[in-house]
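The values are calculated or read from the model by the stated rules, or taken from the named source; none is laboratory data. Given the structure is predicted, the values throughout are model-derived calculations rather than measurements. For neighbour counting, all protein chains shown are included, and Cβ atoms are generated from backbone atoms with ideal geometry for every residue, glycine included. Heavy atoms of the whole protein, side chains included, go into the accessibility calculation; ligands, DNA and RNA do not. Shrake-Rupley method; radii C 1.70, N 1.55, O 1.52, S 1.80 Å.
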Amino acid sequence: MTDYEKIDFSPILALADDEVVTRSTVRDVRLPSGKVLALITLDNGRDHTRPNTLGPATLVELGKTLDGVKARAAAGEIQAVGITGKQYILAAGADLSDISKVTSQDHARLIAQLGHKVIGSLSDLGVPSFAFVNGLALGGGLEIALNSTYRTVDASAAAVALPEVFLGLIPGWGGAYLLPNLIGIENALEVVISNPLKQNRMLKPKQTFELGIMDAIFPAANYLEDSLAWADRVLSGAVKVDRKNEPGKIERLTKWPIAIKMARGMLESKIGTVPRSPYLALDLLDKARSGTKADGFAREDEALAELVAGDQFAASMYAFDLVQKRAKRPVGAPDKALAKKVTKVGIIGAGLMASQFALLFVRKLQVPVLITDLDQARVDKGVAYIHEEIGKLEQKGRLDTDTANKLRGLVTGTTDKSLYADCDFVIEAVFEEVGVKQSVFGEIEQIVAPDAILATNTSSLSVEEIGAKLSNPERLVGFHFFNPVAVMPLIEVVKTPSTDEQTLSTAFVVAKSLGKNAVLTADAPGFVVNRLLAKVMGEAARAVYEGTPIAEVEKAFAPLGLPMGPFQLIDLVGWKVAAHVQDTMVRHFPDRFYANENFHALAELDQVVEKDKGGRVTGWTKAAEKTLKGAVGSSPSSAATILTRVQDGLAQEIRLMLDEGVVPEVEDIDLCLILGAGWPFIDGGASPYLDREGASERVFGGTFHTPPIRGIAAR
């Protein structure tokens, strides 16, 4: 058992030299019964856009504050302690910038131990403690609540979560032990592991109450007053907090180990065995079934120290910085003041992709959206789809009735292209063929205003070539979405040599208004994401045609850590699209990219691959085997050979893309891969991974990052 009182924490206080300290001020509140509650308010003195964080100096100050109220409780001056945050924010967790500065595993352990010492003392004040979760509560913010005796939540709180696994960490200040013992193992697995791995999904306040994390939920209007009144009733015994999953009611002998076993199988199926944090979190949740709280906290100390010192956390911090900072200030974006105001959007096409565009534009911009197609039946089908999706959002409570009706009214469909005349921004979603796109833009250019923006969603074609026949090619920009449109956060904004500043600025402003992150890329084949995915897919196809079983090829790619194997990805994006992208890349770079004529034959089949329940590819369908007969060789490659090929191929291609000026810096390539291809945070995108694996050195005798992005243990 760790005696936190005897630990010297001074080595990590040196990390806090530039910490924005979150103060913990105390005021006494006399409750209706006459009892006194000492209310601690966490506040870093900044507005709500700069959340409270919990760095070493903040924790030391909070520890002193808690020592003070504990002494007052012992003296009988107060009967309870409450803790809440500044407006809209309890705390957004640990200060990650401080954690990323640690220089040894011992220092990393000290951060875990300091959090346990301070936040853990909320359960040992001599009087009941109440966490009033008045807003955002992430990581250590939620652990403040978990360590308290009772918890209430504001119904309007932005989000509540334990997102550590998403960042290559584990809940290290009590969460991994306390949560499963509060709400049961199945629910804890969802909060600690499943949600972070689902694009860092957060909990809404109502969900935290329903799960049993929070004991009460109150409306925003009188949240603190209601919480204080509720706390008074708890203290007097008028309210008994009945927890459906309290320790005596949680079944531990059978359900707990079964849930852990199922979760482990799910992880192995979905993410492979490379990521460390999900499996360490799983082990902590497993062991939380028995033993003392002190044992649980000590295990968290060791797990957090191991992870903070490792490569995956260092890469995660690099990726986190890209997504939180670089993505919000796109490199190369012109002044937003140059952007044309968009009051009406036109979408050429009414198929599934076009309809997804229309739904996104109308929801986010709330301006009139026009869709057109070759015949009225296709138009009607597209409009019906959009109305149906709006209806689903209304049923889920994500849109109120008035807004839903307004959005439906803003969407119109027609075969009459003259109605594009007053559109400010027109995007095409037609067949991926240069001639087709040139034709539709040539027709539309005659109708729209001279300064209307024209955007193409091409995934790999030359934007300059698409605009070659336009009278005003300066108004054309690439605006490449990723599928599914509503979910994927990236748009590649493609600049041709002709694209002017107003067009480019408008593209970036529109992307931001759509809730997307935009990255500027030159007009090069495949741009960023598809060029590199084509390399991955091509190497997978090469291995298959050499004679390697498809399931073995999928396994060979597992160390990359991508959310799905190459053939699973091809099956998702569509075999015809994949075949077309491969053809484009081979046409431009025949010596570096692989394609096979059988791609197109396979693309004509209704189903190409067989999958297991987890969606993993297990083999070819009978129809695909028949198509491939005679085309597959008899010289299978080993998993190690396949992996080295794809690593070296990616390192070569990224180096060439930087030399060609496709993007300004390697950080932009990693950002595109993280946002557009789901490349895992624990790799930091492709470049830190390729540096660590030695591919960069093998290919061009250097590294993308100097020094390489490594954990403490490897430095």
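A few points about this structure:
- Amide hydrogen neighbours beyond the local backbone of Thr548, cut-off 5 Å, H modeled: Ser637
- Average projected area [Cα convex hull, segment 342-492], square nanometres: 8.3
- The figure for Phe320 is an accessible area of roughly 60 square angstrom, using a 1.4 Å probe on the protein chains alone.
- Using the Karplus relation 6.51 cos²θ - 1.76 cosθ + 1.60 with θ = phi - 60°, the per-residue 3J(HN,Hα) values for segment 185-197 come to 5, 4, 5, 5, 4, 5, 6, 7, 10, 4, 4, x, 7 Hz, with x marking Gly and Pro.
- List Ile712, Ile466, ordered by accessible area with a 1.4 Å probe, largest first: Ile712, Ile466
- Thr618 long-range amide H proximity, modeled H, under 5 Å: Glu610, Lys611, Asp612
- Calculated on the Cα set of segment 633-703, radius of gyration then Dmax: 13.1, 43 Å.
- Long-range HN-HN contacts of Trp679 with modeled amide H, under 5 Å: Ile674
- Cα shape, segment 557-611, gyration tensor, a/c 1.5 rule: oblate
- Taking θ as phi - 60° and the Karplus parameters 6.51, -1.76 and 1.60, the scalar couplings of segment 14-26 work out to 5, 6, 8, 5, 10, 5, 7, 6, 8, 6, 10, 8, 10 Hz in sequence order, x denoting glycine and proline.
- Mean shadow area of segment 556-715, taken as a quarter of the surface of its Cα convex hull (nm²): 11.1
- Here the Kirkwood formula, the inverse mean of 1/r across different C-alpha pairs, assigns segment 474-545 a hydrodynamic radius of 13.3 Å.
- GluC sites (Glu not before Pro) restricted to segment 555-646 and DSSP loop, no more than 12 other C-beta within 10 Å: Glu597, Glu604
- Cα centroid separation - segment 274-339 against segment 175-210, whole Å: 16
- Within segment 74-225, all pairs of alpha-carbon atoms sorted by distance into 10 Å bins from zero give the percentages 11, 41, 35, 11, 1.
- The mean accessible area for residues of the chain, using a 1.4 Å probe and ignoring ligands and nucleic acids, is 41 Å² per residue.
- Rg over Rh, two decimals, segment 205-255 (C-alpha only, Kirkwood Rh): 1.08
- For segment 1-56, the share of alpha carbon pairs falling in successive 10 Å distance bins from zero is 19, 28, 31, 18, 3 percent.
- Calculated mean residue ellipticity at 222 nm for the chain: -14000 deg cm²/dmol, from DSSP H runs with n ≥ 4 weighted as -39500 (n - 2.57), summed, divided by the residue count and rounded to 500.
- Members of Lys535/Lys611; Lys325/Lys364; Lys255/Lys293; Lys86/Lys406 lying beyond 30 Å, as alpha-carbon distances in this model show: Lys86/Lys406
- In the context of the full protein assembly, Glu474 retains an accessible surface of approximately 60 Å², using a probe radius of 1.4 Å and ignoring ligands and nucleic acids.
- Rounded if a/c under 1.5, otherwise prolate or oblate - segment 175-282, Cα gyration tensor axes: oblate
- Proportion of all alpha-carbon pairs of segment 415-500 beyond 17 Å (%): 45
- Segment 457-615 - Rg and Dmax from Cα coordinates, angstrom: 17.3, 52
- When Rg and the Kirkwood Rh are both derived from Cα coordinates, the Rg/Rh ratio for segment 561-656 amounts to 0.96.
- With all protein chains modelled, accessible area of Arg398 [1.4 Å, Å²]: 150
- Antiparallel %, DSSP beta bridges [both residues in segment 1-142], to 5: 40
- Acute angle (nearest 10 degrees) that the helix 501-513 long axis makes with the longest principal axis of the chain, alpha-carbon atoms: 40
- When a 1.4 Å probe is rolled over the protein heavy atoms, the share of accessible surface on the chain that falls to carbon and sulfur comes to 52 percent.
- Percent breakdown of C-alpha pair distances by 10 Å bin, ordered from the shortest bin, for segment 1-132: 12, 40, 33, 12, 2, 0
- Cα-based helix-to-principal-axis angle, 352-365 vs the chain, degrees rounded to 10: 50
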